[in-house]
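The values are calculated or read from the model by the stated rules, or taken from the named source; none is laboratory data. A quick note: this is a predicted structure, and the numbers were derived from the prediction, not measured. Cβ placement follows ideal geometry from the backbone for every residue including glycine, while neighbour counts extend to all protein chains displayed. Side chains included, ligands, DNA and RNA excluded: accessible areas come from the protein's heavy atoms. Shrake-Rupley method; radii C 1.70, N 1.55, O 1.52, S 1.80 Å.
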Amino acid sequence: MILARHAGALLWTGRYLERAETISRCLSYAADSITGLRADEARAEGELLVRTLGLSDEPGTVVPLESRPQLVAFLLSDRDNPCSMVSSIVAVRENLRSVRDRIPIELWEEANGLYLRFPFLGHDNTPSDLHEVLRMVRRACLAISGVLNEGMRRDEGHAFVVVGRMLERSIFTVGLLEASHSDPRGSLDAGRMLRLTSSLQAYHRQHGSAPDFCGVVRYLLHADDLPRSVFSCLVRAQECLADLASGAEALDRPRRRTALLRSRLEFGDLAEAMVSAPVPALLDFGGELAEVANEVQEGIAPPQTMAALRSQYLRPGATGDRGVLR
Amino acid sequence: MAVVSGYGLGEPVKGLLDGYDASRAYDEVFEPDGSVRGVYTRIVERFRGLGVTELRRLEKLVAEEFRRQGITFTVYSEEEGTERIWPMDLFPRVIAAAEWDELARGLSQRVAALNCFLADFYNGGGEALADGVVPRWLVVSSQGFERNAVGIRVPHNAHCNIAGIDVVRGANGRYRVLEDNLRNPSGISYVVENRAAMAKVCTWLFDDHAVQPTEQYAPMLRATLESMAPDGRDSPHIVVLTPGIFNSAYFEHAFLARSMGVELVEGRDLVVDDHTVYSRTIEGLVRVDVIYRRIDDAFLDPVSFRPDSALGVPGLLGALRAGNVSVCNAMGNGVVDDKAVYPYVPEIIRYYLGEEPIIDNVTTYTMWDPDQRAEALNRLDQLVAKPVGESGGTGVLIGPHASEQELAEARSRIEAEPREWIVQELVQLSTLPAFADDRLESRHLDLRPFILTGETTEVFPGGLTRVAMRRGSLIVNSSKGGGSKDTWVLAHDSP
């Protein structure tokens, strides 16, 4: 049985690990695509990236879009930006550090190694060897995933990491689709979507080398053999939540909502809604995913236990609402 | 003989040990005539074959291993903590089997007597105080005295389950106790990790020796904690309570929890309901039976102790009083950690066990005794003054190394607050080769063995050897630039 605090730390480990990997891909793409563009085009591309990452919704966040180095620094090494790569790497390490007693030693060593190798902790400058750093981060994230999959017991802790990763990944993919549909330039770049989700090669193998926009949207939403599709993510998240909810009743609600979102994909409800109004449909779907993530977080500390805690702080040792005692 | 040139091996040898000065104190490796002590013969031969480059390479490997694993400790400055890689020197310390047996008997005896004293003081009639073995005023004025611990029953009367007793060797080569640590002694994780690193990097060094392993610490500790479970709890739920990831010893807390296969909890993970302690899991509250706490008494329960403590568990004291949980080590052990009580430990051993102490104290002068104070202050430039409430070498004045002004200030502080100081004869800690300035030089060291007490008392073979890495320094604390060594206890003395 896992401590609530440990569950939270592992859930966020999964989310931040996925975020670090996502940002490395986005930065790699942005660094390539912005180079050679006119200033207004580069700014529009930057705005699209910021919208894709959901940063435009963050209250109080001012994203520097005036120059490429500023944008790269904001996403790479700005510790005030919770979505930056440095913040994600630090968060992965700190969360794993707080559960060091229950994770494989190799998992900690990989995360600690990434933290120690990441060269911009405390620095604001854009590195000259940006691609090298991004490649190192992606490889480290893959190594961490490898240890998670092959070296960690399939217990509640593992399930929380998977839930965190799958929800974070599906939120990003839906955000990417929504931002692509909203792009005021109307560019509808299918290749961009595939590259940002590391799905280009897989798509080419299945569907040939000339991706069409609608086909790619369907692929990223529905493909049951693509580990990065929203459908695949929801299937895995639902499976893990089902295991967790068998012991923790408070996680049954996010499990049911996840199943509902999965069925909206499976039975074509989302596709139907997207025919007439793709952006609102995706916004609504993304919002639902974010709510599921919040409910998982809340379910980790069930309300009954919180009530007992509050009573204990007022009258320590007294008999009160005990919550679920086992 | 002051300087070693041929290691007593029959021929002069050029190498890392050339010019090694074994004359400053009792040297663990070399006899006064320059010959190598028996247990070190093969090790000296092995190191003789190494060059500076190779030793540097091995050192780097160890540092990289520790860095990768995050084996660190935190040094606190005034404003913030700095995480440092744990320092380990490659030349191991070796203790012969017979020598260890004698030392272990002495440590076991000392901890048994101190447990008797604690049980008598907190749960018995205070007979030792009534009989004048230790002055009552001294004990009740100790910062470590915890009034709330009076009357709390402790299984097997084992108040101190995990003790770390600092021992040193003086000029005559005999071990003496320098300090008793009965609250939260730390360092055991580094003992185990030092061995693991040595086994990886210097495998060849182990070929010639039967060294007692270090992996058994976790099972020993777990068995000790299980034996402390409240009555009727046959498969006790054990947790390690840590202040959190920013604590200097967090690595050790996580290490112990992981090695024992128990949960590492923070205060916020625990809650008390109906005088019973529970951990907060995703499935609800789960009863906790034994808490191996690594936080100080003052922070354990904000209701009974420091109200601003965010590290403790509200209501824990009530659960303890009700006998529904055991906390290891028990509260209030600080009275015997108090250096002011230390001079009375030999008498405590005689009183409770009817035996002569196997390991002596360092000669100590009590400053509240006017005659002893006068004598000590008169010779302060030859002695060591220690504040009784400090640890980690803080506030220690080493007379021969102090300036006139420092000595004058220390004298006036001692005169002003004699209860707060003890003064000891200077012990020239024994020396052992350590790699410094591209050669092996003699450095002073001490030893902290760990003694576990539950239903029975066991001494873990070996301990943490701390070494002063600056030439001539007697300060071995890692926070003050000290290093460590792998400590070998030989399984048998025959070749």
For B:Ile358, work out the one condition from (1) part of a loop (DSSP other than H, G, I, E, B); (2) within 14 Å of another protein chain (Cβ to nearest Cβ) it doesn't fulfil.
-> (2)
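Yes or no, residue by residue, for (1) of a type outside the set (Gly, Ala, Ser); (2) at pLDDT below 95:
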| site | (1), (2) |
| --- | --- |
| A:Phe160 | yes, no |
| A:Met166 | yes, no |
| A:Thr197 | yes, yes |
| A:Ala202 | no, yes |
| A:Pro211 | yes, yes |
Test B:Thr203 against the criterion of being surrounded by fewer than 20 Cβ atoms within 10 Å (Cβ to Cβ), of a type outside the set (A, V, I, L, M) and either over 24 Å from the mean Cα position of the chain (by Cα) or modelled with pLDDT of 95 or more (or both), and give yes or no.
-> yes
Among the residues of segment B:386-416, how many are of a type outside the set (S, T, N, Q) and closer than 26 Å to B:Val139 by Cα?
-> 16
Any idea which of (1) over 28 Å from the mean Cα position of the chain (by Cα); (2) facing chain A (nearest Cβ under 8 Å); (3) surrounded by 19 or more Cβ atoms within 10 Å (Cβ to Cβ) is the one B:Ala257 doesn't satisfy?
-> (1)
Taking only pairs six or more apart or across chains, which ones have beta-carbon atoms under 9 Å, a first residue in segment B:218-247 that is under 25 Å from B:Pro461 (Cα atoms) and within 12 Å of chain A (Cβ to nearest Cβ), and a second residue that is open to solvent by 10 Å² or more (accessible area, probe 1.4 Å) and polar (S, T, N, Q)?
-> B:Ala218/B:Ser259
Based on what the data block shows, is B:Gly392 on the phi > 0 side of the Ramachandran plot and not assigned by TED's automatic domain parsing to the domain that holds B:Val134?
-> yes
Among the residues of segment A:253-264, is there at least one that is within 14 Å of chain B (Cβ to nearest Cβ), open to solvent by less than 30 Å² (accessible area, probe 1.4 Å) and within 23 Å of the chain's Cα centre (by Cα)?
-> yes
Residue hits (segment B:393-427; open to solvent by 30 Å² or more (accessible area, probe 1.4 Å) and under 19 Å from the mean Cα position of the chain (by Cα)) are B:Thr394, B:Gly395, B:Val396
Restrict the check to segment A:203-216 and report whether at least one residue is within 22 Å of the chain's Cα centre (by Cα), free of Cβ contacts under 8 Å to residues at least 40 places away in the same chain and on the phi < 0 side of the Ramachandran plot.
-> yes
Listing of strands (runs of 3 or more DSSP E) fully contained in segment B:24-115 that carry 1 or more residues being at pLDDT below 90 = B:72-76, B:81-85
Filter segment A:16-43 for residues that are open to solvent by 30 Å² or more (accessible area, probe 1.4 Å) and either on the phi > 0 side of the Ramachandran plot or within 13 Å of the chain's Cα centre (by Cα) (or both); which is modelled with the lowest pLDDT?
-> A:Gly36
Out of segment B:48-75, which residues are farther than 23 Å from B:Glu441 by Cα, in contact (Cβ under 8 Å) with a residue 12 or more places away in the chain and within 14 Å of chain A (Cβ to nearest Cβ)?
-> B:Glu65, B:Phe66, B:Arg67, B:Gln69, B:Gly70, B:Ile71, B:Thr72, B:Thr74
Specify the residue that is nearest to the other protein chains (Cβ to nearest Cβ); the eligible residues are those in segment A:233-248 that are in contact (Cβ under 8 Å) with a residue 60 or more places away in the chain and in a helix (DSSP H, G or I).
-> A:Leu244
Say whether the condition of being in contact (Cβ under 8 Å) with a residue 24 or more places away in the chain and under 22 Å from B:Leu447 (Cβ atoms) is met by at least one residue in segment B:366-383.
-> no
Could you please tell me which pairs satisfy a Cβ distance under 8 Å, a separation of 6+ or placement on different chains, a first residue in segment B:140-166 that is at positive phi, and a second residue that is part of a strand (DSSP E or B)?
-> B:His156/B:Thr453
Going by the structure shown, is B:Leu264 more than 8 Å from every other protein chain (Cβ to nearest Cβ), open to solvent by less than 10 Å² (accessible area, probe 1.4 Å) and at pLDDT 90 or above?
-> no
For B:Ile291, are the conditions met, namely being buried (at least 24 other Cβ atoms within 10 Å of the Cβ), facing chain A (nearest Cβ under 9 Å) and among the β-branched types (Val, Ile, Thr)?
-> no
How many residues of segment B:364-392 are in contact with a helix residue (DSSP H, G or I) (Cβ under 9 Å, 6 or more places away or on another chain) and open to solvent by 60 Å² or more (accessible area, probe 1.4 Å)? The answer is 4
Pick from segment B:431-445, criterion of a type in the set (A, V, I, L, M, F, W, C) and closer than 16 Å to B:Val168 by Cα, ranking: surrounded by the most Cβ atoms within 10 Å (Cβ to Cβ) | B:Leu445
One residue from B:Gly312, B:Gly332, B:Gly323 being buried (at least 21 other Cβ atoms within 10 Å of the Cβ), assigned by TED's automatic domain parsing to the domain that holds B:Val111, in a loop (DSSP other than H, G, I, E, B) and in contact (Cβ under 8 Å) with a residue 60 or more places away in the chain = B:Gly332
Which numbered condition B:Leu221 fails, given (1) in contact with a Phe, Trp or Tyr (Cβ under 9 Å, 6 or more places away or on another chain); (2) within 15 Å of A:Ser98 (Cβ to Cβ); (3) part of a helix (DSSP H, G or I) = (2)
